[in-house]
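To start, the structure under review is shown below, and the notes come after it.
The values are calculated or read from the model by the stated rules, or taken from the named source; none is laboratory data. Predicted model, so just to flag it, every value in this text is computed and none were measured. Methodologically, a virtual Cβ is constructed for each residue, glycine included, from the backbone with ideal geometry; neighbour enumeration extends over all protein chains shown. To get the accessible areas, we keep the full protein, side chains included, count just its heavy atoms, and leave off ligands, DNA and RNA. Shrake-Rupley method; radii C 1.70, N 1.55, O 1.52, S 1.80 Å.
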Amino acid sequence: MDYIPSRGAIHKQGDTWVPMDPSFKQFDYTNGIDIVSAVPFDAEAFVNHIQSTATINEQQGYVTNVDQAYIESTMTSYQQQVEAYITTNHPDATVSDVLQGHVIVRHSLLIS
């Protein structure tokens, strides 16, 4: 590759060996489980509760008296619901099955 001084932008005569990685990969993507539809979460009610119980000062840009116990209990409850749904409906699911995954498409090329 004509590397000096154009770093390969202009090719006149090769002066440098540049190692390259020929391992381009194709993937098959899998959709994850639609947790939002399977285990709904009322985010609006969650935010409304926090806003109604906290002290919010928009002019000075701060929030105080956030109900930490409510947040923790709501998140723990939702986590338990999601775990129960997956355990019941998809007991052998992997992380890729739950979220989203990809698998490398294998190609065997015979070079002679």
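What the table shows:
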{"item": "Which listed residue, of 31, 65, 48, 57, is open to solvent by 80 Å² or more (accessible area, probe 1.4 Å) and either among the hydroxyl-bearing types (Ser, Thr, Tyr) or more than 23 Å from the chain's Cα centre (by Cα) (or both)", "result": "65"}
{"item": "Residue pairs meeting the criteria (Cβ under 6 Å; at least 6 apart or on separate chains; first over 26 Å from residue 23 (Cα atoms), in segment 90-111; second of a type in the set (A, V, I, L, M, F, W, C) and open to solvent by less than 100 Å² (accessible area, probe 1.4 Å))", "result": "93/86; 98/33"}
{"item": "Verdict on residue 41 being open to solvent by less than 70 Å² (accessible area, probe 1.4 Å), of a type in the set (Phe, Trp, Tyr) and either over 30 Å from residue 103 (Cα atoms) or not in a loop (DSSP other than H, G, I, E, B) (or both)", "result": "no"}
{"item": "Any hit, segment 23-37, residues being among the hydrophobic types (A, V, I, L, M, F, W, C), assigned to a helix (DSSP H, G or I) and modelled with pLDDT under 95", "result": "yes"}
{"item": "Some residue of segment 3-20 being without any contact (Cβ under 8 Å) to a residue 60 or more places away in the chain and under 29 Å from residue 98 (Cβ atoms)", "result": "no"}
{"item": "Residues (closer than 22 Å to residue 43 by Cβ, of a type outside the set (D, E, K, R), assigned to a helix (DSSP H, G or I) and open to solvent by 90 Å² or more (accessible area, probe 1.4 Å)) located in segment 68-101", "result": "68, 79, 80"}
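To keep it simple, each residue is scored yes or no on (1) touching a Gly at 6+ places or on another chain (Cβ under 6 Å); (2) over 18 Å from residue 48 (Cβ atoms); (3) modelled with pLDDT under 95.
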position: 69; (1), (2), (3): no, no, no
position: 75; (1), (2), (3): no, no, no
position: 84; (1), (2), (3): no, yes, no
position: 91; (1), (2), (3): no, yes, yes
position: 96; (1), (2), (3): no, yes, yes
position: 104; (1), (2), (3): no, yes, yes
position: 108; (1), (2), (3): no, yes, yes
